[in-house]
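This report concerns only the one structure given below.
Laboratory data are not the source of any read-out in this text; all were calculated from the coordinates shown. Please read these numbers as outputs of a predicted model, since none were measured by experiment. Don't worry about glycine lacking a Cβ; one is built from the backbone with ideal geometry, like all the others, and counts go over all protein chains shown.
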Amino acid sequence: MALTDELGRIGLEHHQSSEDSVSEDYFTDWKHSFPQRDLLAHEYTHSWNGKYRRPADLYGATFNAPQRGSLLWVYEGQTEFWGNILAARSGLVSKEQGFDSLALMAATYDAQSGRTWRPVADTTNDPIIAQRSPLSWRDFQRSEDYYVEGQLVWLDADMMIRKLSHDTKSLDDFAKAFFGTNDGSIIVSTYTFDDVVLTLNKVVPYDWARFLHDRISTVQKRAPLNGLEAGGYKLVYTDKENAFEAQAGKNYHRLPLRFSLGVIINQKNGSLGTVAWDSPAYKAGLAIHDVIVAVNGDTFTSEGLVDAVKAARSDKTPITLLVKTGSHYHTVSIPYYDGLRYPHLERIENTPDRLTTLYSARH
Ligand SMILES: [Zn+2]
């Protein structure tokens, strides 16, 4: 494990160890490093999900055999799920921090405009065709969305198992049956889609093939949010910051206005790191690398822009930005009046709080 601000950040799974790199103050500034806290739980999970049990088409007996990633939504998606759950269950993050992270992920993928044309299954081709190179309009193209959308699908599956089994079974039972074989063996054990479905059916009978096919292989205009609802929560937006999004923003000097103006801004110099497709900023003609120089006539500051978004809500006057694109300065007017919007999970009263059960340590 590297604690460094010199090397890049990485989490790379191996069978009996992992390579992990986090910020230099990861342990000393414990209070503020929680957005990175699922990393070790994620890579630890990979020992079972990925390294021991591996999708058959990702396993090459020799380097001459090409790999395919058709089941990366299991390999990475369910690892993303367990990484977040185990981080909460072990106390690396609090339940509230875990819920804030989940709200942010659910909102981000629900707003992913590329979901109008591209199913999650297709994004499993990205390691081959894109190799993590920078993409323009990433949320419209989609990239390796099988990680986080996979996490949401497995949350949905966990909650479906709980409902169908009258809260006697969960995805823990799937994991135990699927990954907990040949204890101590480090020989790779491959699996197919049908093996996943077969094990789910042993936990609780259901049309799991269709459940997975619908969510993974077909275009779905909305993110899979059923797991939240079955867990006793709904996704809402308020003007109160999401603590996970805010802290991650501070750690990387980013101002997140993703669900209002549709931008994420470098706080140091006002440059746009993200502009969401079809967002108010997009419609005003903004694109990544544009630099916001001034807001309503005053020099750009994060606080100034946040205040302008708040003021536009009551004044119903467009926000005026002086923007630098390359060496060209121009004025942009954004008629956005819905104020600040940050994602949160809100409890649905008089329903079982299954999400708290899922995020709590097992006894
Ligand atoms: Zn991973």
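The table that follows gives values for the structure above.
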| item | result |
| --- | --- |
| Most positive-pole-ward Cα, Ser136, Leu228, Ala243, against dipole of the chain from beta carbon charges | Leu228 |
| Theoretical FRET efficiency, 1/(1+(r/R0)^6), r = Cβ-Cβ of Ala311 and Ser17, R0 45 Å, to 0.05 | 0.30 |
| DSSP-loop GluC sites (Glu not before Pro) across the range 1-62, with at most 11 other Cβ within 10 angstrom | Glu6 |
| Charge sum, other residues only, whose C-beta stays under 14 Å from Glu19's C-beta, Lys/Arg counted +1 and Asp/Glu -1 | -1 |
| 222 nm mean residue ellipticity, helices alone, for the chain (DSSP H n ≥ 4; -39,500 (n - 2.57); rounded to 500) | -10500 deg cm²/dmol |
| Radius 10 Å from Cβ of Arg222, net charge of other residues (Lys, Arg +1; Asp, Glu -1) | +1 |
| Radius of gyration and maximum dimension Dmax of the range 122-231, Cα, Å | 16.0, 46 |
| Part-to-part distance (alpha-carbon centres) for the range 230-275 and the range 8-38, which is given in Å | 21 Å |
| Per-selection Rg to Rh, the range 72-184 - Cα, Kirkwood hydrodynamic radius | 1.01 |
| Total charge dipole magnitude, the range 244-334, about the Cα centre, Cβ charges on Lys, Arg, Asp, Glu only, Debye to nearest 20 | 100 debye |
| Gyration tensor (Cα) of the chain, equivalent ellipsoid semi-axes in angstrom | 37, 23, 20 |
| Computed magnitude of the charge dipole of the chain (debye, nearest 20; Cβ of K, R +1, Cβ of D, E -1) | 560 debye |
| Cα pair distances exceeding 21 angstrom across the range 244-334, given as percent | 21 percent |
| Local electrostatic count at Thr301 - Lys and Arg +1, Asp and Glu -1, tallied over other residues with Cβ under 13 Å | -2 |
| Lysines with Cα under 28 Å of Lys234, excluding same-chain neighbours fewer than 8 positions away | Lys31, Lys95, Lys163, Lys169, Lys221, Lys250, Lys310 |
| Most fluctuating residue given options Asn266, Asn350, Asn125, as computed from a GNM of the chain linking Cα atoms under 10 Å | Asn350 |
| Packing rank of 309-319, 130-140, where each peptide gets the mean count of other beta carbons within 10 Å, highest leading | 309-319, 130-140 |
| Nearby lysines by direct alpha-carbon distance to Lys324 (threshold 23 angstrom, same-chain neighbours under 8 apart not counted) | Lys268, Lys283 |
| Span from the the range 82-101 Cα centroid across to the the range 189-216 one, whole angstrom | 26 Å |
